[in-house]
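Step one of this worksheet: look at the structure below.
What follows is calculated from the coordinates using simple rules that are stated; it is not laboratory data. Values in this document were obtained by computation on a predicted structure and should not be read as measured data. Here the Cβ positions follow ideal geometry from the backbone for every residue, glycine too, while neighbour counts run over all protein chains shown.
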Amino acid sequence: NVLKDHVKASYGCDALTIPNGLHLKRIANADANRGRERWGLQGKTVVSLIGLTCSDRLYFLDALAVLRKSFPNLIFVGVGAGSMADRISKRCQELELPCVMTGWVDPMQVPDLYACTDVGLYPGDDNSYYDGACPLKVLEYTGAGKPIVANQVAELKRLDFPNILLRPATAEGFADGLRK
């Protein structure tokens, strides 16, 4: 809707939105224990980024590294492959932040990752590119009943889901949101 409003204001023409779909039955059939066992997450506090859309600054990893002092069982789980996965893995090593990088995951197994997550992330940047986003991962975390810490995305502000904590796109902002 933020993008639709922008098109109207900037170009004077109407636009249609096509909402993301959500496969609630698949999410409802997810199994947190199966997910934790598959990826070795038993006894861990799991903070995940399912789908590696995120800020290039990786500030959310700095936030997690700070929080590890208070939450020693904390582990970051990154789901996806490619150059961003490589960058995230390298930064986790630099920060000595425990992480599991799953690589590509069969879509039928992804709901188990949502189920075994304690807190989900949508760590973009506070800019117009992210303001128009309504990513499927946010809807799936929400469908799984998980809290999410996200940057100050205008579309997510508009949706006002009770499970989303919006914070500035900084390590300090995300550390605050994750503590809550």
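Here are some notes:
- Once backbone amide H atoms are built at 1.01 Å from N, MET101 has GLY78 as its partners under 5 Å, excluding neighbours fewer than 5 places away on the same chain.
- For the range 49-180, averaging the sequence separation of C-alpha pairs within contact (under 8 Å, six or more residues apart) and dividing by the residue count gives a relative contact order of 26 percent.
- Amide H to amide H distances under 5 Å link GLY124 with SER55, ASN151, where only residues 5 or more positions off or on other chains count and H is placed in the peptide plane.
- Computed label-point distance, nm, for sites GLN93 and ARG57 using a 7 Å Cα→Cβ extension: 2.5 nm
- The ellipsoid equivalent to the alpha-carbon distribution of the chain has semi-axes of 27, 20, 14 angstrom, derived from the gyration tensor eigenvalues as √(5λ) and listed largest first.
- Positive minus negative residues near ALA169 (Lys, Arg vs Asp, Glu; Cβ under 14 Å): -4
- Surface/4 of the Cα convex hull for the range 1-54, nm²: 6.1 nm²
- Computed E for ASN33/ASN1 - FRET, C-beta separation, R0 30 angstrom, nearest 0.05: 0.20
- A simple spin-label model places pseudo-atoms 7 Å from Cα toward Cβ; at PHE71 and ASP176 they are separated by 1.7 nm.
- Proximal aspartates and glutamates to LYS25, defined as alpha-carbon separation beneath 19 angstrom and excluding residues fewer than eight positions away on the same chain: ASP106, ASP112, GLU140
- The range 153-180 and the range 1-78 have their alpha-carbon centroids 12 Å apart.
- Environment charge of ASP14, counting only residues whose C-beta is closer than 15 Å and scoring Lys/Arg +1, Asp/Glu -1: +1
- Site pair ARG158 and CYS13 shows an inter-label distance of 1.9 nm when each label is modelled 7 Å from Cα along Cα→Cβ.
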